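Read through the structure below, which is laid out as structure tokens, and then see the notes.
The values are calculated or read from the model by the stated rules, or taken from the named source; none is laboratory data. Since this is a predicted model, take the numbers as computed values, not measurements. Quick reminder, even Gly has a Cβ in these numbers, built from the backbone with ideal geometry, and neighbours come from all protein chains shown.
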């Protein structure tokens, strides 16, 4: 069973970029009641590694795939302007008690869009696929929180030895 995820993006200049992104005018019949001011996340990927057991882990950008929506031109503008962002990705799962429960979150601060790729699928070969975009987001701080298990982690690049 697929899990649902939603992202809130706040820009230092543009404000709430995700406002109205899961509404009818933004994504049509895929609109999500209760998540109107969040971006529907189709996929999330994030890689960290410490190859060679060096002093610090290497953090790669967070990769998000999402539908083309109201935020798409605003995200392109944020990339163009190198706008600083704060992003929160909330992960939901089915709960026997409460329907959908938010069980996990990733928050990134001091973020910037590193790349943005729009993909409009082939209209004949992939006629059931929707236009989407993939964004890669670099960040200064990252916070992981498992709400269900009550655990969390945090790291920041600010003030690190390799930044000075």
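Overview of results
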read-out: Residue match in the stretch 6-14 (condition: part of a strand (DSSP E or B), touching a helix residue (DSSP H, G or I) at 6+ places or on another chain (Cβ under 9 Å) and at pLDDT 95 or above); value: yes
read-out: Count of the stretch 31-42 residues which are free of Cβ contacts under 8 Å to residues at least 60 places away in the same chain and either part of a strand (DSSP E or B) or over 16 Å from residue 90 (Cβ atoms) (or both); value: 4
read-out: Some residue of the stretch 110-131 being at pLDDT 90 or above, within 18 Å of the chain's Cα centre (by Cα), surrounded by 10 or more Cβ atoms within 10 Å (Cβ to Cβ) and over 21 Å from residue 72 (Cα atoms); value: no
read-out: Filter result (in contact with a strand residue (DSSP E or B) (Cβ under 7 Å, 6 or more places away or on another chain), modelled with pLDDT of 95 or more, more than 15 Å from residue 9 (Cβ to Cβ) and surrounded by fewer than 16 Cβ atoms within 10 Å (Cβ to Cβ)) within the stretch 43-81; value: 43, 45
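To keep it simple, each residue is scored yes or no on (1) touching a helix residue (DSSP H, G or I) at 6+ places or on another chain (Cβ under 7 Å); (2) farther than 18 Å from residue 142 by Cβ; (3) part of a strand (DSSP E or B).
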position	(1), (2), (3)
52	no, yes, no
56	yes, no, no
66	no, yes, yes
70	yes, yes, no
76	no, yes, no
79	no, yes, no
89	no, no, yes
93	no, yes, yes
97	no, yes, no
